[in-house]
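Novice: Can you keep this structure in mind? I'll have questions shortly.
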Amino acid sequence: MTSSVSLIGLSTAELAASLESIGLEPKAARMRARQLWNWVYVHGQRDFSAMTNLGKDFRALMAEKMSLARPEVVTEQISQDGTRKWLLKTAPGIEFETVFIPEEDRGTLCVSSQVGCTLTCRFCHTGTQKLVRNLTPFEIVGQVMIARDALNDWPSTKENRRITNVVMMGMGEPLYNFDNVKAALLIVADGDGLALSKRRITLSTAGVVPMIERAGNEIGSALAVSLHAARDEVRDVIVPLNKKYPIAELMAACRTYPGVSNARRITFEYVMLKGVNDSLADARALVKLLSGIPAKINLIPFNPWPGAPYECSEWSVIEKFAEVVNRAGYASPVRTPRGRDIMAACGQLKSASVKERASARMAAMRSAELAKMPH
């Protein structure tokens, strides 16, 4: 990575301040910041010399003092189903993954917020990787830009948008990196920036209750909650954060999420684990729990990974579970697993350098976890 300052991830105010720091007058800095912003986020330009409405001397100054560098692409994998996964790197040991999922009516980019994760959710591969650090706005916005580069998806190309939705569902817990995630998503949602509607940006949390209202007020994106169980005794095991913020507190935060309505429903993610949370009693408890909350329920077949302590529910069990939820009036699509062959599916993301070490540790945990799981 270059040692010069990358413009990626800076707000317009920060960009103007950077320009002032290299000698521009405040008024000129603000004007140039808007021009640069357009080149960076509308055109996806990677070369200052191509910014034709800027003076030659200014372009030379930019090339000397500033950078348009993205995170480094270590690997790109393309699944048989068209899903793409990029392993990105910004410094030694700072690796994170980004996934693009193409569908007929949309293209969803799954973006990471941390290197590793602190939450240790038992079904999640990322949770077996210790937290290294939070990602910066440069690293978060850079993921969107890497994907747009690869897909030739810049607004200036005049093609139909391929990335229609951004979801903060990659590695990490976004609400434990609130300030950086907020700064990045404001750029993603800026009409003069990457220009995705806030309705098409979803922040997914495992339930950091004190930050949920703030996220609604300050970021304003759609909310997804990694619920996965309707009873505390089960969720305490599979989502240990529940011990700190139990289900009743989480539901109270969801009911008062700013802007929640039938037109702006909260998505509840529910991974289907064989013999753990997939009974008809669990389905009925879930329906009762969410009563009165404008909600959509995503049922997710468990995506296996080496050493995983759980198995996926049988398909017939998932269908019966979905039937109970549907009859109660909730949209409950069963998410088609995508990118499994390249370990890009939900819960499978992890920095390549630590995958092998963790699989052995998780194999040892498997029998102990199953033994203490309530039935």
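Every number here is computed from the coordinates shown, using simple stated rules; none is lab data. Being a predicted model, the structure only gives us computed values, none of them experimental. Every residue, glycine among them, receives a Cβ derived from its backbone with ideal geometry; neighbour counts consider all protein chains shown.
Novice: Run through every distinct alpha carbon pair of the stretch 138-193 and return the Kirkwood hydrodynamic radius in angstroms, one decimal place.
Specialist: About 12.3 Å for the stretch 138-193.
Novice: Using the Karplus curve 6.51 cos²θ - 1.76 cosθ + 1.60 with θ = phi - 60°, what ³J(HN,Hα) values do you get for each residue of the stretch 269-275, in whole Hz, with x for Gly and Pro?
Specialist: Once θ is set to phi - 60°, the couplings for the stretch 269-275 become 8, 9, 7, 8, 10, 4, x Hz.
Novice: Continuing with the same structure: Counting only pairs 8 or more residues apart or on different chains, how many lysine pairs in the stretch 238-337 have their Cα atoms under 19 Å apart?
Specialist: 4
Novice: Here is a further query. Between K65 and A28, what is the label-point separation in nm under the 7 Å Cα-to-beta-carbon projection?
Specialist: 1.0
Novice: Cα convex hull of the stretch 22-102: mean projected area in nm², to one decimal?
Specialist: Computed as one quarter of the Cα hull surface, the answer is 7.4 nm².
Novice: Could you give the semi-axes, largest first, of the ellipsoid that matches the stretch 66-183, computed as the square roots of 5 times the alpha carbon gyration tensor eigenvalues and rounded to whole Å?
Specialist: After diagonalising the Cα gyration tensor, the semi-axes are 23, 17, 13 Å.
Novice: Report the paramagnetic label zone for V42: residues of the stretch 146-185 whose backbone N is under 16 Å from a point 7 Å from Cα along the Cα-to-Cβ axis.
Specialist: 154-159
Novice: Turning to a different aspect of this structure: At R0 = 22 Å, how high is the FRET efficiency between K130 and A150 if r is their beta carbon distance? Nearest 0.05 is fine.
Specialist: The calculated FRET efficiency here is 0.15.
Novice: Right, something else. Spelling out what I want: for every residue of the stretch 5-10, take phi, set θ = phi - 60°, compute 6.51 cos²θ - 1.76 cosθ + 1.60 (Karplus), and round to whole Hz; glycine and proline get x.
Specialist: So the J values, rounded to whole Hz, are 6, 7, 6, 5, x, 7.
Novice: Same structure, new question: Pop a pseudo-label 7 angstrom from the Cα along the beta-carbon direction at both D179 and E323 and give the gap in nm to one decimal.
Specialist: A separation of 5.3 nm, rounded to one decimal place.
Novice: Turning to a different aspect of this structure: For V5, list long-range residues whose amide hydrogen, built 1.01 Å from N in the peptide plane, is under 5 Å from its own amide hydrogen.
Specialist: Result for V5 returns S67.
Novice: Also, quick follow-up: Taking amide H positions as placed 1.01 Å from N in the peptide plane, with prolines and chain starts having none, which residues 5 or more places from R133, or on another chain, fall under 5 Å of its amide H?
Specialist: V115
Novice: Would you mind computing the Rg to Rh ratio of the chain from its alpha-carbon coordinates, Kirkwood style for Rh? Mind dumping the intermediate values first?
Specialist: Numbers: Rg = 21.6 Å, Rh = 21.7 Å.
The Rg/Rh ratio comes out at 1.00.
Novice: Report the Rg/Rh value for the stretch 1-44, based on alpha-carbon coordinates and the Kirkwood definition of Rh.
Specialist: 0.97
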